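Take a look at the structure below.
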Amino acid sequence: MDCRGKPGNDAAGITNREQRMPEITVSMAAGRTNEQKANMMRDITKALVTHLGVDPEAVVIQINEAPLTHKMKGGKTFVERLAEQKK
């Protein structure tokens, strides 16, 4: 079914609630400091305020962290990758 052109299926159809309440989830490997994470979230908030015109009070940001043993890139866990870098 093609719903293009029908109300609610384009940017003009976005409700006020959706415009006011962006939620951002950041997935990353564990290891950053609380200060680094807070600064990152502040920068994301500023970007949403600047580029989407939302109220900063409406922005919700959540960080999901995974232990380095639970993340893999290129067939190697992040722990294995760090061990190789130290050699």
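Treating the Cα atoms of region 20-73 as identical point scatterers in vacuum, please give the log10 of the normalised Debye intensity I(q)/I(0) at q = 0.13, 0.21, 0.29 Å⁻¹, two decimals.
-0.37, -0.77, -1.11
Round to the nearest 10 and report in Å² the accessible area of Arg81, as given by a 1.4 Å probe over the protein chains' heavy atoms.
Result for Arg81: roughly 80 Å² accessible.
The values are calculated or read from the model by the stated rules, or taken from the named source; none is laboratory data. In this text, all values refer to a predicted model and were calculated from it rather than measured experimentally. These area figures cover heavy atoms from the full protein model, side chains too; ligands, DNA and RNA do not enter into them. Shrake-Rupley method; radii C 1.70, N 1.55, O 1.52, S 1.80 Å.
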